[in-house]
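The values are calculated or read from the model by the stated rules, or taken from the named source; none is laboratory data. Keep in mind the model is a prediction, meaning the values are calculated, not measured. Here the Cβ is made from the backbone with ideal geometry for all residues, glycine too, and neighbour counts use every protein chain on show.
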Amino acid sequence: MKRTLLSVIIVVLALLTYLASTSTAVPVETRKVFTFDYTPQSTGKAGSANFLLALTTPKFKHADNNFLGGYNLYTKLQESFQADIEEMLIAKGFNIKGPFASYDEMIFTDKRDVQLLLNFEIVPSITTLSGGAIKGINANKQEIWAYKGIITLSGKINIYGVEPLSNEKVYVKSVAIPKVEYIELDSKGYYLNYLDMASTLYNPIGEAYLKIYSHIIEKINTQLDTQEMFTLKKEIKELKAKKGY
């Protein structure tokens, strides 16, 4: 009887140890408050370019593993990016409409009056140098996720402009996201949901973007050249004329 009881105790202790090792009750690191901000180096007279632009909301394009850091981080980045791009273009003397959620949100008069609609697609790229996502099974036979590894962050931002009435592409640019190497990631435990696990990596991914954020906007500022956009006026006028305007 004593041996049976001892065997039961050993089995129970082993099970508790296993459950503890796959528990989702892991202390989550307090999220840092990141301020992504860019201030234009020079400011022109408002409306001096005599050119009406419209903007759509910047979109992140992700591969599955690129949500490391969680949705909240990318929402914050998207909002900051949107505000700073608009501020930068106004500082160049452009008049701005929007941002619109998409091309389809623009009404007819917007499409008629706007000379160029600019769209921004942010395409991060994460390269795993070592480690990575770890998938396991807990005692309830549920998938559980953890992450431990070292990554490099890079990518690009695609910019394309269309004449709004025809929706014809007339302007294309691509800006490289500066590389941040050897970012150490550790979820410090297992989670039932991949995105819950990914959100525990908010701080190191946020710090990586903070290092390069102003450089990204400055590179876009350089690419969006006012004089180059002026050269599009003839083509834009011809496209609108084909639509009767």
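What to note about this one:
- Some residue of segment 213-222 being closer than 22 Å to LEU89 by Cα, among the small types (Gly, Ala, Ser) and not in a strand (DSSP E or B): yes
- Given (1) among the β-branched types (Val, Ile, Thr); (2) farther than 28 Å from GLY132 by Cβ; (3) part of a helix (DSSP H, G or I), index of the condition THR39 fails: (3)
- Options TYR160, TYR202, TYR191, TYR182: the member that is out of contact with any His (no Cβ under 9 Å at 6 or more places or on another chain) and within 20 Å of PHE120 (Cβ to Cβ): TYR160
- Residue within segment 193-205 that is farther than 30 Å from ALA46 by Cα and among the charged types (D, E, K, R) present: yes
- Any chance VAL170 is more than 17 Å from the chain's Cα centre (by Cα), closer than 30 Å to ILE236 by Cα, surrounded by fewer than 19 Cβ atoms within 10 Å (Cβ to Cβ) and at pLDDT 95 or above: yes
- Count of segment 86-124 residues which are in a helix (DSSP H, G or I) and either farther than 30 Å from LEU73 by Cα or without any contact (Cβ under 8 Å) to a residue 60 or more places away in the chain (or both): 12
- The single residue among ILE177, ILE236, ILE151, ILE212 that is within 21 Å of the chain's Cα centre (by Cα) and in contact (Cβ under 8 Å) with a residue 60 or more places away in the chain turns out to be ILE151.
Rundown of residues vs (1) modelled with pLDDT under 90; (2) over 30 Å from LEU165 (Cα atoms); (3) not charged (D, E, K, R), yes/no style:
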residue	(1), (2), (3)
ASN66	yes, yes, yes
LYS76	no, yes, no
GLY98	no, no, yes
ARG112	no, no, no
ILE122	no, no, yes
ILE126	yes, yes, yes
ALA139	yes, yes, yes
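- Being without any contact (Cβ under 8 Å) to a residue 12 or more places away in the chain, in a loop (DSSP other than H, G, I, E, B), more than 25 Å from MET88 (Cα to Cα) and not hydroxyl-bearing (Ser, Thr, Tyr) is a property that GLY189 lacks.
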